[in-house]
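The values are calculated or read from the model by the stated rules, or taken from the named source; none is laboratory data. These figures come from a predicted structure and were not determined experimentally. With ideal geometry, Cβ positions are generated from the backbone for all residues, glycine too; neighbour counts draw on all protein chains shown. What goes into the accessible areas is simple: the full protein's heavy atoms, side chains included, and nothing from ligands, DNA or RNA. Shrake-Rupley method; radii C 1.70, N 1.55, O 1.52, S 1.80 Å.
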Amino acid sequence: MTSEPEQQIGVGTPDAFQRLWTPHRMAYIQGENKPSGPGAEDGCPFCSIPEKSDEDGLILARGEHVYAVLNLYPYNGGHLMVVPFRHLADYTELDEAETVELGELTKRAMTVLRRVSGAHGFNIGMNQGSVAGAGIAAHLHQHVVPRWGGDTNFMPVVGHTRVLPQLLADTRAMLADAW
């Protein structure tokens, strides 16, 4: 069932597109919770998240050197990050134990996401530095994004909107229980 497009008078350009508003994304766009500087004391969310309860911080698992946490602004349902507790910016600054545990938690995340969500594949990576796309460049974090055949539809391209079928708290509970 389709509806007739509504012409916008006085606001925007009439283009025959319906609008799906996502005002909650403005927090990300405007840099809410983004550190004011490069230091751990400059409001780094990755330094403050471990001080919260797992539920409040959306933490899935804690290791000795790194932790796994859901992304507040996910590309797909189940999008999580593996983050060192230590405040550092560059992958080459990790010590051996941190490097090993980061890899182990990444593997565990993939295993859990496959089992719980049936993910067909993954995008895994780090954006090193703001020029490379790091939203929070001062604290290293590795993204683990589950993917499914056909999961990329028109919404991100045309609507600049991602459709997530589950609330973050529900996703956290499901993944944490399976961890």
Flag for L58 being over 29 Å from D151 (Cα atoms), open to solvent by less than 30 Å² (accessible area, probe 1.4 Å) and either at pLDDT 70 or above or in contact with a helix residue (DSSP H, G or I) (Cβ under 9 Å, 6 or more places away or on another chain) (or both): no
Index of the failed condition, F85 passing every other in (1) more than 27 Å from G149 (Cα to Cα); (2) out of contact with any Pro (no Cβ under 7 Å at 6 or more places or on another chain); (3) open to solvent by 50 Å² or more (accessible area, probe 1.4 Å): (2)
Unmet criterion (only one of (1) at pLDDT 70 or above; (2) among the charged types (D, E, K, R); (3) closer than 30 Å to V116 by Cα) for D42: (3)
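Yes/no matrix, rows are residues, columns are (1) in contact with a strand residue (DSSP E or B) (Cβ under 7 Å, 6 or more places away or on another chain); (2) in a loop (DSSP other than H, G, I, E, B); (3) buried (at least 16 other Cβ atoms within 10 Å of the Cβ):
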residue: T106; (1), (2), (3): yes, no, yes
residue: T111; (1), (2), (3): no, no, no
residue: V116; (1), (2), (3): no, no, yes
residue: F122; (1), (2), (3): yes, no, yes
residue: Q128; (1), (2), (3): no, yes, no
residue: I136; (1), (2), (3): no, yes, yes
Out of V131, V112, V144, sole residue that is at pLDDT 95 or above and more than 15 Å from N71 (Cα to Cα): V112
Residue in the stretch 64-74 that is surrounded by fewer than 10 Cβ atoms within 10 Å (Cβ to Cβ) and at pLDDT 80 or above present: yes
